[in-house]
1. If you go through the range 62-72 one residue at a time, do you hit one that is at pLDDT 90 or above and hydroxyl-bearing (Ser, Thr, Tyr)?
2. Provide a single number: the residues in the range 63-95 that are within 22 Å of the chain's Cα centre (by Cα) and among the aliphatic types (A, V, I, L, M).
3. How many residues does the range 59-78 contain that are closer than 17 Å to Glu4 by Cα and not acidic (Asp, Glu)?
4. I want to confirm something. Restricting to the range 59-78 and keeping residues that are closer than 17 Å to Asp24 by Cβ and not hydroxyl-bearing (Ser, Thr, Tyr), which single residue is surrounded by the fewest Cβ atoms within 10 Å (Cβ to Cβ)?
5. When you scan the range 36-51, do you find a residue that is within 28 Å of Glu112 (Cα to Cα) and either modelled with pLDDT of 90 or more or aromatic (Phe, Trp, Tyr) (or both), even just one?
6. For the range 104-127, what are the residues that are at pLDDT 80 or above and either more than 30 Å from Arg92 (Cα to Cα) or not hydroxyl-bearing (Ser, Thr, Tyr) (or both)?
Amino acid sequence: MTWEEPKNPNGIVIVHEVEYSKVDTAPKQGNSNEGISTRDANGETISNEVVKEIVQQDTVQGFECLTEHQFLQDRGYELKALDPGNYTARVRVISLAGEGPWTEPVTFNVPEPHTEKINDMESGLGAMGATIGVCIAVVIILVFFIWLLVRWR
């Protein structure tokens, strides 16, 4: 992910902090968002937005800290080894004057890995098998002709 450096930082920028989390928008078992009202301990009805927020609290959190030098070199950060799903991320800088505000969260999706079945011909196994088959056929034909020559003498 990439981002712009602040235009007028309040002091010399030391680090860039990246905070990301996996967002699970599916309701928990027994907490359906549609058609069923959810109540808190006092019997008050909880809105669908609050239920969704409660569900989103069960997220995988990540936090990365980049030095200013790393940021200037890469112009961002590559989030690695993320499971497929929806994520949000936000960034802030820390300068000699202190912490800056967080950016607005951005949402992104990590898709399921694309697995494509490769047939034997594309993988090279088919070509290798064909080559071995041709070699065996040539050897059998040569042995047959040698046998015929030896037999006629």
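The values are calculated or read from the model by the stated rules, or taken from the named source; none is laboratory data. In this text, all values refer to a predicted model and were calculated from it rather than measured experimentally. Cβ coordinates were reconstructed from backbone atoms using ideal geometry, including for glycine residues, and neighbour counts include every protein chain displayed.
1. Yes; the residues of the range 62-72 include at least one that is at pLDDT 90 or above and hydroxyl-bearing (Ser, Thr, Tyr).
2. Residues flagged as within 22 Å of the chain's Cα centre (by Cα) and among the aliphatic types (A, V, I, L, M) within the range 63-95 amount to 6.
3. 11
4. Of everything passing the filter in the range 59-78, Gln61 is surrounded by the fewest Cβ atoms within 10 Å (Cβ to Cβ).
5. The answer is no, given that none of the residues of the range 36-51 is within 28 Å of Glu112 (Cα to Cα) and either modelled with pLDDT of 90 or more or aromatic (Phe, Trp, Tyr) (or both).
6. Glu104, Pro105, Val106, Phe108, Asn109, Val110, Pro111, Glu112, Pro113
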